[in-house]
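Here's the structure, in structure tokens; my notes come after.
The values are calculated or read from the model by the stated rules, or taken from the named source; none is laboratory data. Note that the structure is a prediction, hence the values are computed from the model and not measured. As a convention, Cβ positions derive from the backbone with ideal geometry for all residues, glycine included, and neighbour counts pool all protein chains shown.
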């Protein structure tokens with residue numbers, strides 16, 4: 001669906017985005033993560049054709065975005081962080097106007113508006129002026145306008161911004177339901193939203209792609225956590241026959257075992273436990289470290305910070 005090659009956006013000597021490449025298959029829901037100023041919004045604007053790249057290429061459905069800009073933009077839906085809404089219009093009138101701008105056929109316009117109102121649960125507010133809506137309802141109006149043309153590619157910046165817990169759950173269900181016909185890229189600061197909705201995550205740091213991985217792969221750990229009262233050097237000596245195993249002790253005295261050769265599965269854990277027992281090393285716990293998205297995000301950014309500091 002999307003093929004991005006060596007994408008860059010430069011302002012003078014400053015790179016907002018530098019040499020970013022990735023591909024996204026049809027129907028995937030991909031989370032775009034990064035600190036403020038990392039380059040996420042710049043990437044989304046280039047993907048929508050709103051901003052031209054300095055270097056690189058974007059292909060959508062096999063077509064170059066610069067050469068087929070109008071055609072491809074007609075197949076997209078976009079929710080910016082601040083939705084483009086007109087406060088003086090009612091929800092229904094605004095969506096009808098947005099459908100006209102998106103080129104929805106006159107005969108299909110009313111049906112399209114009613115459909116997105118239903119999907120975003122705006123029925124009770126359809127006749128209300130947008131100026132009277134809460135922030136959460138305005139956000140839903142923004143999502144509704146992005147869905148009007150039944151986009152093949154939907155790009156969303158902070159889609160759950162301003163929503164209450166019930167509304168967030170409804171929005172999650174809506175986004176997950178789109179995967180049958182729509183490829184979704186969403187940017188958010190909330191790790192739980194990515195974990196709840198996405199298949200993949202792209203982490204951007206200082207304009208560069210720091211990580212591209214499925215969420216399932218991130219859960220696989222090549223590290224074990226060992227709790228033992230024995231000195232670190234004694235534990236290291238007991239495990240020296242295990243090739244590619246490094247040991248680091250944290251401030252709480254826990255020992256982190258990292259494999260340089262691959263995942264640490266049940267057979268490897270059993271052998272490590274046997275080696276500890278043969279060496280009379282007392283331990284109260286030995287298990288894979290749990291790596292959630294927040295942990296990975298911190299690891300990636302700490303590594304990058306160290307590199308930039310050096």
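State whether one or more residues within the stretch 29-42 are over 19 Å from residue 157 (Cα atoms) and without any contact (Cβ under 8 Å) to a residue 12 or more places away in the chain. First the steps, then the outcome.
In the first step, residues of the stretch 29-42 are kept if they are over 19 Å from residue 157 (Cα atoms); the result is none.
Checked against the condition, which is being over 19 Å from residue 157 (Cα atoms) and without any contact (Cβ under 8 Å) to a residue 12 or more places away in the chain, the stretch 29-42 yields no hits at all.
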Of all residues making up the stretch 159-192, the number that are closer than 22 Å to residue 298 by Cα and at pLDDT 90 or above: 3
Based on this model, can you work out whether residue 124 counts as surrounded by 12 or more Cβ atoms within 10 Å (Cβ to Cβ), more than 28 Å from the chain's Cα centre (by Cα) and either in the same structural domain as residue 48 (by TED's automatic domain parsing) or in a helix (DSSP H, G or I) (or both)? no
Return the total of residues in the stretch 1-52 being more than 20 Å from residue 214 (Cα to Cα), in contact with a helix residue (DSSP H, G or I) (Cβ under 6 Å, 6 or more places away or on another chain) and assigned to a strand (DSSP E or B). 3
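If you take the residues in the stretch 53-93 that are part of a loop (DSSP other than H, G, I, E, B), touching a helix residue (DSSP H, G or I) at 6+ places or on another chain (Cβ under 9 Å) and without any contact (Cβ under 8 Å) to a residue 24 or more places away in the chain, which one is surrounded by the fewest Cβ atoms within 10 Å (Cβ to Cβ)? Step through it out loud before you land on a result.
In the first step, residues of the stretch 53-93 are kept if they are part of a loop (DSSP other than H, G, I, E, B); the result is 53-54, 61-62, 65-68, 74-75, 80-89.
Within this subset, residues satisfying the condition of being touching a helix residue (DSSP H, G or I) at 6+ places or on another chain (Cβ under 9 Å) are 53, 61, 65, 80-89.
After this cut, where a residue has to be without any contact (Cβ under 8 Å) to a residue 24 or more places away in the chain as well, the list is 65, 82.
Details: 65: 21, 82: 12.
The residue in question is 82.
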Counting only strands (runs of 3 or more DSSP E) entirely within the stretch 234-291, those with at least 3 residues that are without any contact (Cβ under 8 Å) to a residue 40 or more places away in the chain are 245-249, 255-259
Pick from 191, 156, 171: which is over 22 Å from residue 59 (Cα atoms) and crowded, with 22+ Cβ neighbours inside 10 Å? 171
Which of the residues that make up the stretch 156-175 are in contact with a helix residue (DSSP H, G or I) (Cβ under 6 Å, 6 or more places away or on another chain) and farther than 21 Å from residue 82 by Cβ? 172
Please pick out the residue among 286, 293 that is surrounded by 10 or more Cβ atoms within 10 Å (Cβ to Cβ), under 25 Å from residue 31 (Cα atoms) and at pLDDT 85 or above. 293
Could you tell me which of the residues 244, 253 is loosely packed, with under 15 Cβ neighbours inside 10 Å and modelled with pLDDT under 90? 244
Of the residues that sit in the stretch 99-121 and are surrounded by 13 or more Cβ atoms within 10 Å (Cβ to Cβ) and not in a helix (DSSP H, G or I), which one is nearest to the chain's Cα centre (by Cα)? 120
Which condition does residue 131 not pass, out of (1) buried (at least 16 other Cβ atoms within 10 Å of the Cβ); (2) touching a residue at least 12 places away in the same chain (Cβ under 8 Å); (3) assigned to a helix (DSSP H, G or I), if it passes all the others? (1)
Hey, any hits in the stretch 28-38 for a residue that's within 23 Å of residue 188 (Cα to Cα), modelled with pLDDT of 95 or more, surrounded by 15 or more Cβ atoms within 10 Å (Cβ to Cβ) and more than 15 Å from the chain's Cα centre (by Cα)? no
Evaluate the following for residue 208: is it surrounded by 11 or more Cβ atoms within 10 Å (Cβ to Cβ), without any contact (Cβ under 8 Å) to a residue 60 or more places away in the chain and within 30 Å of residue 176 (Cα to Cα)? no
